[in-house]
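The values are calculated or read from the model by the stated rules, or taken from the named source; none is laboratory data. None of these values were measured; they are calculated from a predicted model. When we count neighbours, we look across all protein chains shown, and the Cβ atoms used for this are built from the backbone with ideal geometry, even at glycine.
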Amino acid sequence: MKKIKLIDIAHGRSGDKGDAANIGIIAYDENGYKIIQKHLTAERVKKHFEGICFGKVERFELPNLRALNFVLHNTLGGGGTVSLKLDAQGKTLAAALLRMELEIE
């Protein structure tokens, strides 16, 4: 098994809608998309944000963009207007996810 950093094969954007965070991960090329499509599961994202994400994680595929979109429910402490969290808007969550290492064949 070989370890790679997600940031080496993709970039990301994130934001929020109320208490849910939204993270888009976009592969730089088709090979990178195949890797994230296979290895970047909703379960792995949920585990990566353990202690932050208290709801389910949904994954949506956007193959024409070589991207995956994740919605992390119950993550932002109620959202920007009611949360005591420093980043209740979720702007930095894509950067946090890009630090993940993936084990690939």
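Residues of region 6-49 that are modelled with pLDDT of 95 or more, over 17 Å from GLU103 (Cβ atoms) and surrounded by fewer than 14 Cβ atoms within 10 Å (Cβ to Cβ): TYR28, ASP29, GLU30.
With a requirement of 2 or more residues that are more than 16 Å from ALA95 (Cα to Cα), the strands (runs of 3 or more DSSP E) lying completely within region 14-77 that satisfy it span 57-62.
The set of residues from region 50-68 being under 17 Å from GLU101 (Cα atoms) and not hydrophobic (A, V, I, L, M, F, W, C) comprises just one member, GLU50.
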